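The values are calculated or read from the model by the stated rules, or taken from the named source; none is laboratory data. All figures in this text were calculated on a predicted structure; none of them were measured in a lab. Note that we place each Cβ from the backbone using ideal geometry, even for glycine, and neighbour counts take in every protein chain shown.
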């Protein structure tokens, strides 16, 4: 049976208003420190747990934040953990939705206001944000768009991968590669994607024809399979810039299986900066996203918007940077 505020008040012979103020953390000059401590101790002894639903009906706040993510690969899992670390000291919890695997993500975004959350963080999910706003033009739930894919209208913490992709491609050329390819998933294989544009821009400036290898998905198995298929029919490129670290690890595995040496035969650079890149036999060079800073600012922007809905737009663009390791270091 759930212990209520009234149960605690009856045991201590106090008013429910006094007990409620103590348990909600609200300051009051009329409540002594001794009474405050007694209420807290009794609540613990009786096993009191706040009723979030009842509190939400009274205050209009749930202390719940929703995170929308296109997928939940290791990079996104790291973002989830970092955001939780930011929110919990403020008493907020996080619910996560993997939009790629959602049976009907569009309907979910259109009907999302019924979830009654205090705020939304959209990670690499601009299409979800646009559908949500189009379907709910009068809803004012605070929302911050974060990541390499973000919506420029409203609050955002974006990550510039264009300069990082250029830096990675230039590094491969400086390492002696003359046929560096771009390994990308179907989702990112188009003009306007920062990584695609950064790679093709450097190749064209160098007077080289871009070489794009397209896998179906941005996963390790998909990249591994596509590399095997490509090598069955084409000469091996001497360098690889990969859409993300997942694809870089998959490609690395395929090359090892064929006896192709990394970095002697093929220099590899990934993108994102996940922890796994440091633990291969040849640690992977990668374009590292400033994930910790992105999460810190994303939560800071959202909390400020929750506290003050009329605050001016909060917008910042962070830069990724190349970290060179053994997978592309030659000489």
Is there a residue being under 16 Å from the mean Cα position of the chain (by Cα), part of a loop (DSSP other than H, G, I, E, B) and closer than 24 Å to residue 226 by Cβ anywhere in region 285-294?
-> yes
Options 280, 284, 317: the member that is in contact with a helix residue (DSSP H, G or I) (Cβ under 7 Å, 6 or more places away or on another chain) and closer than 24 Å to residue 202 by Cβ | 284
So, in region 83-104, of the ones that are crowded, with 18+ Cβ neighbours inside 10 Å and within 12 Å of the chain's Cα centre (by Cα), which residue ends up modelled with the highest pLDDT?
-> 83
Could you run through region 263-277 and say how many residues are in contact with a helix residue (DSSP H, G or I) (Cβ under 7 Å, 6 or more places away or on another chain), assigned to a helix (DSSP H, G or I) and either more than 12 Å from residue 324 (Cα to Cα) or modelled with pLDDT under 95 (or both)?
-> 1
Name the residues in region 229-252 that are in a helix (DSSP H, G or I) and surrounded by 15 or more Cβ atoms within 10 Å (Cβ to Cβ), would you?
-> 230, 231, 245, 246, 247, 248, 249, 250, 251, 252
If we scan region 295-313, do we find a residue that is assigned to a loop (DSSP other than H, G, I, E, B), buried (at least 17 other Cβ atoms within 10 Å of the Cβ) and either within 21 Å of the chain's Cα centre (by Cα) or at pLDDT below 95 (or both)?
-> no
Residues in region 253-262: is at least one outside any loop (DSSP other than H, G, I, E, B), touching a residue at least 40 places away in the same chain (Cβ under 8 Å) and in the same structural domain as residue 203 (by TED's automatic domain parsing)?
-> no
Inspect all residues belonging to region 97-108 and state whether any of them is touching a helix residue (DSSP H, G or I) at 6+ places or on another chain (Cβ under 6 Å) and part of a helix (DSSP H, G or I).
-> yes
